[in-house]
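The structure appears right after this line, and notes come after that.
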Amino acid sequence: MYDIIIIGGGASGMFVSNFLAEKGKKILILEKTKILGRKLSITGKGRCNLTNLNEKEEFLNHFHTDKEFLKTAFEKFFSQNTIDFFEKIGVKTVSERGKRVFLKSNNAKEIVFALKNLLKKNKVEIIYKANVKKFIKKENEIIAVKLENKKIFRAKYFVLATGGSSYPRTGSTGDGYKLAKALGHKIIPIRPSLVPFEIKEQRKMEVLNGLILKNVNLKIFVNDKKELEKFGEMQFYKWGISGAIVLNLSRKIVDFLKEKKKIKISIDLKPALSDEKLTNRLMREFKKFPNLSIEKILRKLMPQKLIKVCLQETKILFSKNVKIISNNEKIKIVKFLKNFSLEIIKDRGFSEAIITAGGVSTKEIYKKNLQSKILKNLFFTGEVIDVDADTGGYNLQWAFSSSYLVAEKLMRNF
Ligand SMILES: Cc1cc2nc3c(=O)[nH]c(=O)nc-3n(C[C@H](O)[C@H](O)[C@H](O)COP(=O)(O)OP(=O)(O)OC[C@H]3O[C@@H](n4cnc5c(N)ncnc54)[C@H](O)[C@@H]3O)c2cc1C
């Protein structure tokens, strides 16, 4: 008989366990895979973007679900608490562009080691390869969990920390949704979010593969109407596009694709210059270097991979001398720079999505302590709840804040 069983040893499962065990509670983590924190160890491209230093109001703007639901968690445990918690266990952090907080070591594994060491110090029991398949109920209380291998574990309280459906190879395969649904909880349909997209124009993608564009403006047209826009960095792959601005717009694009709408993107490669200013700039270059080829002049304006696509699209010969470039051709080049257009055909699915949109409905969870409104000894933390945010450290902060809220409530219960 345990005090509390935590189902899932990811970011939130490890975090909540440490808080509770510190207070002398008998804790058991049941983890499906053979290691803890597999997803945490690959966060932030291996550098772990732990949290974000934006003020609360701006912070909340980066979340896409019920903001009222999130407020208590962030009031009780926010970014500075996270930084202090990790500093205390020896994990140093640094803040970077966009107020994003990363590990000073640039090694996300450091945070997993630190949490694991703390679990050991706090004498938290962990069972690996423990695939929880079922809750055993008696009236409106859970009395035990049953594993795939039929073993049964009993406790007074249960915390569902099974994560979402994204990056299933890390262990988060959406089990939490099935477990919660079987208990009568409503699940908001899950969709991949913070996800890259495949592009129709395959030949262009093959040329652009590997290119990173900074400071571009990306517009999204849905059935020819502009719906979304973002400024920043994007990246090209042989199959399509990704990068911060694409990921942060992806949630809505996924929904548009589901509705079978036609999605075109338009990239403004020179957002600081109007069409007129860009034309003048081009003319100045042409005048200054009248004997150069168009390809050489364009090197001053865009990366080589884009020049190839630009000249193919505008049907201008690479070697054509700028002296004989027609007005019409100039207009076409400017148009390309201001409005490089492609079509999105598909998202890359849960296997490449950083987060899962949807999940256990917030309407059936008390926002003050994340307790189930259906079963009184069940609590939820992290991504399994219908909460998702932009990139920038917001999702991990939710994992930590939600864990703190649950730990605080459970500590009071004993
Ligand atoms: C590639 C990538 C990079 C990311 N980078 C960042 C970042 O830099 N900053 C940020 O804020 N967010 C980032 N995120 C998101 C962040 O990692 C998640 O939001 C966070 O890990 C969610 O924590 P969690 O505890 O809810 O779930 P998880 O960390 O996914 O943990 C869930 C755990 O539950 C276990 N489990 C699942 N089912 C069962 C079962 N039936 N029985 C027992 N155990 C089970 C899983 O094996 C897993 O260990 C990233 C995500 C990905 C995929």
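The values are calculated or read from the model by the stated rules, or taken from the named source; none is laboratory data. Note that the structure is a prediction, hence the values are computed from the model and not measured. Positions of Cβ are generated from backbone atoms using ideal geometry, with glycine treated the same way; all protein chains shown enter the neighbour counts.
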Practice task
Taking the options 218, 213, 249, name whichever one is out of contact with any helix residue (DSSP H, G or I) (no Cβ under 9 Å at 6 or more places or on another chain) and not assigned by TED's automatic domain parsing to the domain that holds residue 301.
Solution key: 249
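So for the stretch 363-378 (the condition being in a helix (DSSP H, G or I), touching a residue at least 24 places away in the same chain (Cβ under 8 Å) and within 30 Å of residue 93 (Cα to Cα)), does at least one residue qualify?
No: the stretch 363-378 contains no residue that is in a helix (DSSP H, G or I), touching a residue at least 24 places away in the same chain (Cβ under 8 Å) and within 30 Å of residue 93 (Cα to Cα).
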Handout entry: the stretch 194-228: number of residues that are exposed (fewer than 14 other Cβ atoms within 10 Å of the Cβ), of a type in the set (D, E, K, R) and either assigned to a strand (DSSP E or B) or on the phi > 0 side of the Ramachandran plot (or both)
Key = 4
Practice task
Quick one: in the stretch 354-386, of everything that is on the phi > 0 side of the Ramachandran plot and small (Gly, Ala, Ser), which residue is surrounded by the fewest Cβ atoms within 10 Å (Cβ to Cβ)?
Solution key: 358
Completion exercise
Within the stretch 271-318, residues being touching a Ser or Thr at 6+ places or on another chain (Cβ under 7 Å) and either touching a residue at least 40 places away in the same chain (Cβ under 8 Å) or in the same structural domain as residue 233 (by TED's automatic domain parsing) (or both) number 0
Practice task
Might you check whether a residue that is at pLDDT 95 or above and either assigned to a loop (DSSP other than H, G, I, E, B) or under 34 Å from the mean Cα position of the chain (by Cα) (or both) occurs anywhere in the stretch 274-297?
Solution key: yes
Practice task
State which residue pairs qualify: first residue closer than 16 Å to residue 12 by Cα and inside the stretch 150-171, second residue part of a strand (DSSP E or B) and hydroxyl-bearing (Ser, Thr, Tyr) in any location, beta carbons under 7 Å apart, and separation of 6 or more residues or different chains.
Solution key: 164/356; 165/356; 166/356
Practice task
Output the residues belonging to the stretch 358-375 that are more than 15 Å from the ligand (Cβ to nearest atom) and in contact with a strand residue (DSSP E or B) (Cβ under 6 Å, 6 or more places away or on another chain).
Solution key: 361, 371, 372, 375
Practice task
Sort through 82, 33 and tell me the only one that's among the hydroxyl-bearing types (Ser, Thr, Tyr) and more than 8 Å from the ligand (Cβ to nearest atom).
Solution key: 82
Practice task
Please specify each residue of the stretch 140-160 satisfying the condition of being more than 19 Å from residue 407 (Cα to Cα) and among the aliphatic types (A, V, I, L, M).
Solution key: 143, 144, 145, 147, 152
Problem - Filter result for residue 389 (touching a His at 6+ places or on another chain (Cβ under 6 Å) and surrounded by 24 or more Cβ atoms within 10 Å (Cβ to Cβ)) - result: yes
Completion exercise
The condition from (1) at pLDDT 95 or above; (2) assigned to a helix (DSSP H, G or I) that residue 98 misses is numbered (1)
Handout entry: In the stretch 376-404, residue nearest to the ligand (Cβ to nearest atom) [restricted to those that are of a type in the set (Gly, Ala, Ser) and over 19 Å from residue 250 (Cα atoms)]
Key = 382
Problem - Verdict on residue 163 being within 22 Å of residue 185 (Cα to Cα) and either at pLDDT below 95 or of a type in the set (Gly, Ala, Ser) (or both) - result: yes
Problem - Residue match in the stretch 31-47 (condition: surrounded by 18 or more Cβ atoms within 10 Å (Cβ to Cβ), under 30 Å from residue 180 (Cβ atoms), of a type outside the set (Lys, Arg) and in contact with an Asp or Glu (Cβ under 6 Å, 6 or more places away or on another chain)) - result: no
Fill in the blank from the handout: Scanning the stretch 294-320 for residues that are more than 24 Å from residue 272 (Cβ to Cβ) and surrounded by 16 or more Cβ atoms within 10 Å (Cβ to Cβ) gives 316
Handout entry: Out of 71, 25, sole residue that is closer than 30 Å to residue 377 by Cβ, part of a loop (DSSP other than H, G, I, E, B) and of a type in the set (D, E, K, R)
Key = 25
Fill in the blank from the handout: So, first residue farther than 26 Å from residue 393 by Cβ and β-branched (Val, Ile, Thr) in the stretch 26-46, second residue in a loop (DSSP other than H, G, I, E, B) and more than 9 Å from the ligand (Cβ to nearest atom), Cβ within less than 6 Å, six or more apart or across chains; the pairs are 27/124
